[in-house]
């Protein structure tokens with residue numbers, strides 16, 4: 001399996017622009033997670049899905065952030081409008097089972113977002 | 001809210017020395033704990049997963065211990081190599097994964 005695939009690897013945009021990050025989870029994994037990593041706050045869980053349904057979006061920082069999972073093999077994280085403080089590395093991860101399980105989490109390589 | 005702390009934040013050792021990385025957490029009601037490795041510009045790779053009922057888990061040169069009652073885990077890496085240079089993060093699972101900030105390890109040849 002190719003692992004969790006994220007695109008783009010790098011995104012540079014100007015403040016106010018819409019940004020869309022994409023993720024393809026490992027085939028057969030029922031759980032998909034979006035994380036954000038910054039030097040100040042470390043790794044933060046933004047939202048996660050189970051069988052394409054959003055389960056917990058309490059980590060989404062503001063209404064400017066939205067995430068969708070239209071099918072089992074694709075998810076997007078959208079920021080509209082983007083702000084400089086959104087600059088971070090955004091990771092997508094997937095697992096076979098979520099919550100209280102012993103299934104390991106598999107991460108993509110991340111998208112480095114810079115908002116100027 | 002679960003707080004996960006990793007000390008030290010950075011560590012530099014000569015090749016061949018054993019590494020000891022520490023992780024502490026505030027709420028001992030966890031289901032399991034994972035140790036991850038992160039290389040620069042890359043995602044995280046799961047190294048070891050310890051169930052709450054276990055005391056330790058081993059994989060090759062890596063050994064992780066867990067003392068749930070005291071809220072501590074330690075990752076030991078034996079006979080370190082330059083290829084072990086990376087950031088190591090621990091994450092506790094109490095339904096959600098909460099990550100520590102990581103320990104950045106440099107192994108000098």
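None of the figures in this text is laboratory data; all of them are computed from the coordinates on show. These numbers come from a predicted model, not from an experiment. Here Cβ is always computed from backbone atoms with ideal geometry, including for glycine, and neighbour counts include all displayed protein chains.
What percentage of all Cα-Cα pairs in the range A:28-95 are separated by more than 18 Å?
Percentage above 18 Å: 33.
Mind telling me which of B:89, B:97, B:66 comes out most flexible in a GNM of chain B, alpha-carbon contacts under 10 Å?
Per the Cα network of chain B with a 10 Å cutoff, B:97 tops the list.
Let me know the Kirkwood hydrodynamic radius for chain B, please, with Cα pairs as the basis and the value in Å to one decimal.
Hydrodynamic radius (Kirkwood, Cα only) of chain B equals 13.8 Å.
Suppose R0 equals 30 Å; then what is the FRET efficiency for residue B:76 and residue A:51 from their Cβ-Cβ distance, rounded to the nearest 0.05?
Efficiency, from the Cβ-Cβ distance: 0.20.
Among A:101, A:58, A:66, which one shows the biggest mean-square fluctuation in a GNM of chain A, springs joining Cα atoms closer than 10 Å?
A:101
Please tell me the relative contact order of the range A:1-71 in percent, rounded to the nearest whole number, where contacts are Cα pairs under 8 Å and at least six residues apart.
Computed value for the range A:1-71: 20 percent relative contact order.
Between residue A:62 and residue A:14, what FRET efficiency comes out of the Förster formula 1/(1 + (r/R0)^6) with R0 = 22 Å and r the beta carbon distance, rounded to 0.05?
E between residue A:14 and residue A:62, to the nearest 0.05, is 0.75.
Across the residues of A:83-93, average count of Cβ atoms on other protein chains within 10 Å?
Whole-number average of other-chain Cβ neighbours for A:83-93 is 1.
Between residue A:27 and residue A:7, what is 0.36 nm times their sequence separation minus the Cα-Cα distance? Round to one decimal in nm.
The residue A:27-residue A:7 span can extend by a further 5.5 nm.
Per q in 0.11, 0.16, 0.18 1/Å, what log10 I(q)/I(0) does a Debye calculation on the alpha-carbon atoms of the protein assembly as shown return?
These q points yield log10 I(q)/I(0) values of -0.55, -1.12, -1.33.
If contacts are Cα pairs under 8 angstrom and at least 6 residues apart, what is the relative contact order of the range B:63-109 in percent?
This gives 32 percent for the range B:63-109.
Between residue A:72 and residue B:28, what is the label-point separation in nm under the 7 Å Cα-to-beta-carbon projection?
According to this spin-label approximation, the distance is 4.1 nm.
If you count, for every residue in A:102-108, the Cβ atoms of partner chains within 10 Å of its Cβ, what is the mean?
6
For the range B:29-71 and the range A:62-116, what is the centre-to-centre distance using only Cα atoms, to the nearest Å?
Here the two parts' Cα centres lie 23 Å apart.
With all pairs of different alpha carbon atoms counted, what Kirkwood hydrodynamic radius in Å does chain A show?
14.1
With a 10 Å cut-off between alpha carbons and a GNM built on chain B, which of B:59, B:28, B:73 moves the most?
Per the Cα network of chain B with a 10 Å cutoff, B:59 tops the list.
Return the ratio Rg/(2.2 N^0.38 Å) for the range B:23-70, where Rg is computed over Cα atoms only.
Scaled against compact globular proteins, the figure is 1.24.
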